[in-house]
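Student: Handing you a structure now.
The values are calculated or read from the model by the stated rules, or taken from the named source; none is laboratory data. Not measured: the values here are computed from a predicted model. Here Cβ is always computed from backbone atoms with ideal geometry, including for glycine, and neighbour counts include all displayed protein chains.
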Amino acid sequence: MKIGIPKEITEGETRVALVPSMVSALTKGNHEVLVESGAGAGSSFSDEEYKEAGAAVVKDKAELYKSSDVIIKVQPLRALSGSKHEIDLLPEGKVLISYLAPFTEKETIKKLADKKITAFAMEFIPRITRAQSMDSLSSQATVAGYKAVLIASNHLGKFFPLLMTAAGTIPPANVFVLGAGVAGLQAIATARRLGAKVEAFDPRPAVREQVESLGARFVEMELPEEDVETSGGYAKQQSDEFLKKEQEAIAGRIGKVDVVITTAQIFGKTAPVLITEEMVKSMRQGSVIIDLAAETGGNCELTKANETIEKHGVTIYGAVNLPAKLPVHASQMYSKNTTNLFRHLFSAEDQSLDFEDEITSGACITHAGEIRNDMVRNAISGGE
């Protein structure tokens, strides 16, 4: 098969879907890799590196799409200059592997189905053990959690570590992490490495051991008995009573910390508001909130996506696409995920797709002219 790697056109996107070191993993399987010229520039990978790795560099984007059997991307298909759209370049019946953002890019999903594109969404990889090497949500969340702490340290007018100097002893910064998923755990670990005193909150008591193993304090709270995760391992939308209890627990700690990093998101839904404006008012002057849920509405009531604002003496950073701020390693991790998914999907000798397989069926959004995923189909048709 011919695998095409286009240059990302989404503003601010610096990652590439395949790095040169992963080219051989595909060409060893007798596949050809075509890379659009400049695709790796934002991640510091040159066209020459791709050529040396065995890929062919294609200057024309339209030619790349036309010549490829499979297109692998980072961002969903986007509008080009004028009235053109990347989906117009994708010939009927081809395969697309990418983030698809189906709940916001509904028209694009409809067009993918109309063109009989077999589209696999990286964000729909099932969170099961044998799919871990393909799980880009986790790999990119690792990057985001790390970068969030570095951004917080830049905005906070204090040292993170305890310092004992001739000018006096400086106490460590207090960091509060909301959510102990992949991003939260990485944020905890990074803040601890920088010497901060860290505590974390998560409605799942089971993560307490992970939090404490990283040297952070786990914040306890009494919660109504509700399932907090779906069967697929994603966070589940909770009742108003549950959310109120969460807010009360957070309010009891937020006025005593210097940095809050929020990571709570619900798959396919608006992020829950965990920090109200009243809670922001109670925070110390000069405190910082890094909101990793900004793209889906934000965990802080005042968050504005892709903006840094100051309210009530608190800096609120609406984080958007933090992995693109560390493109070298983010691309390396993402390309490992996409390569493993491709090899899994097309492992059969005749390269046929096995829709009885949980990973293949779970990640497939459109195929043979239909929207296969129930959640996406219902969202597009106006259902719940």
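So that you can scan it fast, the table gives a plain yes or no per residue for (1) without any contact (Cβ under 8 Å) to a residue 24 or more places away in the chain; (2) among the acidic types (Asp, Glu); (3) over 19 Å from residue 363 (Cβ atoms); (4) surrounded by fewer than 17 Cβ atoms within 10 Å (Cβ to Cβ):
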| position | (1), (2), (3), (4) |
| --- | --- |
| 35 | no, no, yes, no |
| 46 | yes, no, yes, yes |
| 55 | no, no, yes, no |
| 76 | no, no, no, no |
| 106 | no, no, no, yes |
| 114 | no, yes, yes, yes |
| 118 | no, no, no, no |
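Student: With 303, 339, 315 as the choices, which residue is farther than 26 Å from residue 177 by Cα and touching a helix residue (DSSP H, G or I) at 6+ places or on another chain (Cβ under 8 Å)?
Tutor: 339
Student: Looking at region 58-74 only, could you name the residues that are free of Cβ contacts under 8 Å to residues at least 60 places away in the same chain and surrounded by fewer than 18 Cβ atoms within 10 Å (Cβ to Cβ)? Please lay out each step first, then the result.
Tutor: So in region 58-74, the residues free of Cβ contacts under 8 Å to residues at least 60 places away in the same chain come out as 58-63, 66.
The answer is 59, 60, 62, 63, 66.
Student: Before we move on, is residue 332 surrounded by fewer than 23 Cβ atoms within 10 Å (Cβ to Cβ), assigned to a loop (DSSP other than H, G, I, E, B) and either modelled with pLDDT of 95 or more or touching a Lys or Arg at 6+ places or on another chain (Cβ under 9 Å) (or both)?
Tutor: No, not satisfied.
Student: List pairs: first residue in region 356-384 and hydroxyl-bearing (Ser, Thr, Tyr), second residue at pLDDT 95 or above and exposed (fewer than 15 other Cβ atoms within 10 Å of the Cβ) anywhere in the structure, Cβ distance under 7 angstrom, at least six positions apart or on different chains.
Tutor: Qualifying pairs under 7 Å: 360/354; 361/355.
Student: Is it the case that some residue within region 323-338 is in contact with a strand residue (DSSP E or B) (Cβ under 7 Å, 6 or more places away or on another chain) and assigned by TED's automatic domain parsing to the domain that holds residue 187?
Tutor: Going through region 323-338, the residues in contact with a strand residue (DSSP E or B) (Cβ under 7 Å, 6 or more places away or on another chain) turn out to be 338.
Those still in the list that are assigned by TED's automatic domain parsing to the domain that holds residue 187 too: none.
No, because not a single residue in region 323-338 is in contact with a strand residue (DSSP E or B) (Cβ under 7 Å, 6 or more places away or on another chain) and assigned by TED's automatic domain parsing to the domain that holds residue 187.
Student: Would you point out which residue out of 18, 26 is outside any loop (DSSP other than H, G, I, E, B) and surrounded by 15 or more Cβ atoms within 10 Å (Cβ to Cβ)?
Tutor: Details: 18 fails: outside any loop (DSSP other than H, G, I, E, B).
From the options 18, 26, the qualifying one is 26.
Student: Another one. Only one of (1) under 23 Å from residue 314 (Cβ atoms); (2) surrounded by 24 or more Cβ atoms within 10 Å (Cβ to Cβ); (3) within 24 Å of the chain's Cα centre (by Cα) is not met by residue 155, so which one is it?
Tutor: (2)
Student: Ok, one more. I'd like the full set of residues that are aliphatic (A, V, I, L, M) and in contact (Cβ under 8 Å) with a residue 40 or more places away in the chain, limited to region 165-179.
Tutor: Correct list: 173, 175, 177, 178.
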